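Student: Have a look at this one.
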Amino acid sequence: VTRFNVNQQMLNFASYIIICSCVNFFSPHFLLQNNHVARNGGMYKKPFVEYFEETPLLVAVLTYMGYGILTIFGYLRDFLRDWKIEKCHVAREREEQKDFVPLYQDFENFYTRNLYMRIRDNWNRPICSVPGAKMDLVERVTHDYNWTFEHTGKVIKDVINMGSYNYLGFAENTGACAAAAAEATQRYGAGVNSTRREMGNLDKHEELEVLVARFLGVEASMAFGMGFATNSMNIPALTGKGCLILSDELNHASLVLGARLSGSAIRVFKHNNMQSLEKLLRDAIVHGQPRTHRPWKKILILVEGIYSMEGSIVRLPEVIALKKKYKAYLYLDEAHSIGALGPGGKGVVDYFGLDPRDVDIMMGTFTKSFGAAGGYIGGKKELVDYLRTHSHSAVYATSMSPPVAQQIIASMKCIMGEDGTNLGRERLQQLSENTTYFRRRLHEMGFIIYGNEDSPVVPMMLYMPAKIGAFGREMLKRNIGTVVVGFPATPIIESRARFCISAAHTREMLDTALTAISEVGDLLQLKYSRQKTPSLEEDAYLESQD
């Protein structure tokens with residue numbers, strides 16, 4: 001919003017806070033308040049219900065006041081540090097380099113130094129066990145207000161894990177998948193130490209790619225060792241100068257980086273807003289490229305399956321309809337939806353019952369539902385063959401570790417039922433039941449939660465900055481591990497706790513967590529919702545309208 005000038009730090013930062021507050025307060029996302037049920041002329045086979053309740057006005061005002069007070073005290077503390085009254089822990093340029101252009105700007109770290117540091121103990125907690133449904137945490141203390149931590153030597157046992165992307169419970173060190181990965185380690189070793197195009201192409205990699213293509217229902221697929229690089233390194237191989245990328249405003253940083261690296265023109269449409277997307281498509285067709293007005297070489301739409309901060313699901317039937325209407329290409333990131341949505345666990349395409357061939361580039365990661373690492377690109381054989389020779393991630397990156405590849409193969413076969421058991425189907429069913437139960441209970445308690453009713457990502461709104469740290473600490477006191485998120489990862493008005501539901505969670509674990517959430521909600525006054533929870537009869541009516 002404001003281009004910072006280091007010589008006018010105080011005035012500009014105050015302006016930034018004020019403008020951000022106004023922009024967020026009047027933004028369309030902030031004003032979303034109605035639970036939306038979409039059918040759109042038969043595009044949806046069942047009601048598409050998402051919750052985005054409006055922030056209460058008093059809560060919004062108090063939130064801005066909280067950030068304003070913290071900002072004032074931040075400047076006061078920086079003043080005391082400059083005069084050596086308070087010890088300064090931040091990184092500074094060396095004295096002999098005082099005449100150099102600064103390697104990093106001290107003012108840019110104002111938020112980290114004065115706001116984030118107050119609640120830093122809620123993140124980077126060391127885990128000393130399998131991060132499954134329950135986990136063990138290393139206890140740590142700080143004597144300098146979160147600048148440094150010391151381990152006490154004690155372990156906090158059996159903390160219920162409500163924050164990991166372990167949707168199907170495959171983050172485990174026992175069972176068929178773990179045994180298969182251990183066997184692969186014995187046979188192939190832990191690493192390959194080469195790229196796929198040199199000496200790092202194993203039979204396991206090719207077996208994995210054939211399996212992924214069959215799982216997705218596409219002609220071919222390609223696996224990569226890092227999920228983030230799957231986006232950031234492949235998008236530049238697909239688009240370039242003279243191309244246009246239309247990106248959802250809430251897309252992941254890897255998609256944003258890939259779009260920027262491509263050199264393509266970028267236009268951002270409002271989150272899941274088909275009117276905004278169609279307007280950009282129409283303008284792109286009518287006006288063409290700036291100045292020359294030549295037609296765009298390509299138009300690529302970037303969307304995600306499940307948005308991990310909002311818990312919302314992409315309106316894929318409508319996106320595909322627009323993509324076909326305007327002859328654009330579609331890039332679908334299924335990092336959070338693959339394995340977690342659909343009757344067969346095949347992601348958002350399976351969830352809506354669509355044809356995988358309608359999505360030009362199907363991308364996903366193995367880091368969530370499969371309990372592994374890396375990512376994939378799926379689509380036509382010509383697309384995959386092109387990426388094998390033009391993607392920097394394919395040409396220069398070290399290939400996937402063999403035990404990781406085997407973990408993916410074993411877990412994917414389990415989901416598909418090709419391991420000879422019903423375990424995969426049972427886990428999919430358990431995840432769906434856990435998600436519905438957990439979301440309904442939070443609604444009944446009076447919390448404001450965001451996202452789609454079928455999304456295993458459940459954001460619960462906290463709003464005020466002081467409540468971010470307090471919620472995480474109070475939950476840990478009750479042996480519940482949670483993830484709390486605030487600005488700049490979210491809009492300044494929309495700090496939240498983000499729960500991730502897993503098939504490994506038992507009903508007893510969820511009830512224990514819900515009881516603790518309710519207690520902390522009462523303690524911190526987090527039950528902001530003023531909406532009536534849909535009754536079972538209303539839900540039945542919605543289903544009958546399908």
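The values are calculated or read from the model by the stated rules, or taken from the named source; none is laboratory data. Predicted model only: the values in this text are computed from it and were never measured. Methodologically, a virtual Cβ is constructed for each residue, glycine included, from the backbone with ideal geometry; neighbour enumeration extends over all protein chains shown. The area values use the complete protein model at the heavy-atom level, side chains included, leaving out ligands, DNA and RNA. Shrake-Rupley method; radii C 1.70, N 1.55, O 1.52, S 1.80 Å.
Student: I'd like the projected area of region 357-427, averaged over all directions, using the convex hull of its alpha carbons. Report it in nm² with one decimal.
Tutor: It is 5.8 nm².
Student: Ordering Lys325, Lys241 by accessible area with a probe of 1.4 Å, largest first, what comes out?
Tutor: These residues rank, largest area first, as Lys241, Lys325.
Student: Shifting gears a bit: Does region 243-283 come out rounded, prolate or oblate, given a ≥ b ≥ c as the square roots of the eigenvalues of its C-alpha gyration tensor, rounded meaning a/c under 1.5 and, failing that, prolate meaning a/b above b/c?
Tutor: It comes out oblate by the Cα gyration axes.
Student: Could you tell me the accessible area of Asp511 in Å² (1.4 Å probe, neighbours in place), rounded to the nearest ten?
Tutor: The value for Asp511 is about 50 Å².
Student: For region 125-166 and region 490-531, what is the separation of their C-alpha centers, rounded to whole Å?
Tutor: 19 Å
Student: Would you work out which of Tyr326, Tyr376, Gly364 lies farthest towards the positive end of the dipole of region 285-380, given +1 charges on the beta-carbon of Lys and Arg and -1 on that of Asp and Glu, about the Cα centre?
Tutor: Value: Tyr326.
Student: Pop a pseudo-label 7 angstrom from the Cα along the beta-carbon direction at both Val286 and Arg260 and give the gap in nm to one decimal.
Tutor: 3.1 nm
Student: Which value, in debye to the nearest 20, gives the size of the charge dipole of region 419-479 about its Cα centre, when Lys and Arg are +1 and Asp and Glu are -1 at the Cβ?
Tutor: So the dipole magnitude of region 419-479 works out to roughly 360 debye.
Student: Using 7 Å Cα-to-Cβ label points, what is the Lys45/Thr185 separation (nm, one decimal)?
Tutor: Reported label-point gap for Lys45 and Thr185 is 4.1 nm.
Student: Please give the charge dipole size of the chain, origin at the Cα centre, charges +1 on K and R Cβ atoms and -1 on D and E Cβ atoms. Round to the nearest 20 debye.
Tutor: Computed charge dipole of the chain: roughly 1160 debye.
Student: Also, I was wondering about something else. Quickly estimate the mean residue ellipticity at 222 nm for the chain, helices only: each DSSP H run with n ≥ 4 gives -39500 (n - 2.57), and the total goes over all residues, rounded to 500.
Tutor: After summing the helix terms and dividing by the residues of the chain, the value is -12500 deg cm²/dmol.
Student: Choose one of Leu168, Tyr111, Thr71: the residue whose Cα lies farthest towards the positive end of the charge dipole of region 58-212 (beta-carbon charges +1 Lys, Arg; -1 Asp, Glu; about the Cα centre).
Tutor: Projecting each Cα onto the dipole axis, the largest value belongs to Thr71.
Student: Once fully extended, how much extra length lies between Ile156 and Leu524, figured as 0.36 nm per residue of separation less the alpha-carbon to alpha-carbon distance? Present the calculation step by step, with values, prior to reporting the outcome.
Tutor: Working: separation 368, 0.36 × 368 = 132.48 nm, distance 2.38 nm.
Fully extending the segment from Ile156 to Leu524 adds 130.1 nm.
Student: Right, next: When a/c reaches 1.5 or more, the comparison of a/b and b/c decides; with that in mind, is region 395-546 rounded, prolate or oblate per its Cα gyration tensor?
Tutor: Judged from the Cα gyration tensor, region 395-546 comes out oblate (a/c at least 1.5, b/c at or above a/b).
Student: For Cα pairs less than 8 Å apart in space and 6+ apart in sequence, what is the mean separation divided by the residue count of region 41-198, i.e. the relative contact order in percent?
Tutor: Reported as a whole number, the value is 13 percent.
Student: Also, quick follow-up: Between Glu426 and Arg197, how high is the FRET efficiency from 1/(1 + (r/R0)^6) when r is the Cβ-Cβ distance and R₀ = 41 Å? Nearest 0.05.
Tutor: On the way: r = 40 Å, r/R0 = 0.98.
That pair, Glu426 with Arg197, gives E of 0.55.
Student: Can you tell which of Gly486, Leu526, Gln406 lies farthest toward the positive end of the dipole of the chain, using +1 and -1 charges on the Cβ of basic and acidic side chains (Lys, Arg; Asp, Glu)?
Tutor: The listed residue farthest towards the positive side: Gly486.
Student: Taking the Cα atoms of region 205-303, what is the range of coordinates along each of the three principal axes, in descending order and whole Å?
Tutor: 48, 26, 25
Student: Go through 66-72, 163-169 and give me the packing order, highest mean Cβ count within 10 Å leading.
Tutor: 163-169, 66-72
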